[in-house]
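Take a look at the structure below.
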Amino acid sequence: MPAQKKFKLGLSLPTDPRWVNLAEMDLEEILTDHAYCEQKAASSCISLIQQNPEREELVSEVSPVVTEEWGHFRQVLAELKKRGLKLGRQRKDEYVGKLLKFQKKGGSRENRLLENLLTCALIEARSCERFRLLSLEMKEKELREFYHQFMVSEAGHYKMFIRLAKLYLPEEQVTKRWAEYLEYEAKILSEIEVRGDRMH
């Protein structure tokens, strides 16, 4: 992997600075997408548990995250309602779709676990980075505070997924594959259209 300047969370490419301004233009759209991101995060954690019931530490650590992510979904719904906005339909997530295509298919259960954990970690890291931007740059103070709490939560989840990967697989393997994910994620982020109605 070529040397790249890293920044917060180890991500290789920062979010385009235009994104926050675009997101502010239509709160109903960005809040709708945010809500479904939280819902999908809860579903991903449930799938991890279903696929790895024998891994006691994983089950113990991931179970509370299911509850937390679903709680976030409800918080975003409440924010929509408070503002007189409606939850729209779920949209295709191009970013996550491209990340899933990068996963190595087949192989051992351990390797499939690694791919799933690193995908989850990367989504949480990018979400954390974007929540941070919203918490710092949105014009409305109430929204800045709203997104600050999500930023803190996602940072913890990102670290948890990396920690679990290193628990179940050799650290050298995890570090190498994580670097590949970071490089690939920077590439797809540079190619995806900057849209204010998407969290990713």
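None of the figures in this text is laboratory data; all of them are computed from the coordinates on show. Because the structure is predicted, anything quoted here is derived from the model rather than measured. Cβ: placed from backbone, ideal geometry, glycine included. Neighbour counts: every protein chain shown.
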Q. Which whole-number percentage describes the relative contact order of the range 56-200, with Cα contacts under 8 Å and a sequence gap of 6 or more?
A. 26 percent
Q) Build a GNM of the chain with springs between Cα atoms under 10 Å: which of Ala179, Ala23, Ala121 gets the top mean-square fluctuation? A) Ala179
Q: With unit charges on the beta carbon (Lys/Arg positive, Asp/Glu negative), name the residue among Trp19, Ile49, Leu189 whose Cα is farthest towards the positive pole of the charge dipole of the chain.
A: Leu189
(Q) I need His157, His200 ordered by Cβ neighbour count within 10 Å, fewest first. (A) His200, His157
Q. When the helix-only estimate is applied to the chain (DSSP H runs of n ≥ 4, each -39,500 (n - 2.57), divided by the residue count), what is the mean residue ellipticity at 222 nm, nearest 500 deg cm²/dmol?
A. -25500 deg cm²/dmol
Q.
For a protection proxy built on the mean count of beta-carbon atoms within 10 angstrom, sort 33-40, 137-144 highest first, please.
A. 33-40, 137-144
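For the range 40-199, compute Rg over Rh where Rg is the Cα radius of gyration and Rh is the Kirkwood radius from the inverse mean 1/r over Cα pairs.
Rg/Rh: 0.97.
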Q | Cα centroid of the range 167-184 to Cα centroid of the range 71-126, whole Å | A | 20 Å
Q) Across every pair of different alpha-carbon atoms, what Kirkwood hydrodynamic radius in Å does the range 1-106 reach? A) 16.5 Å
Q: Determine how many Å³ per residue the convex hull of the Cα atoms of the range 30-74 encloses.
A: 46 Å³
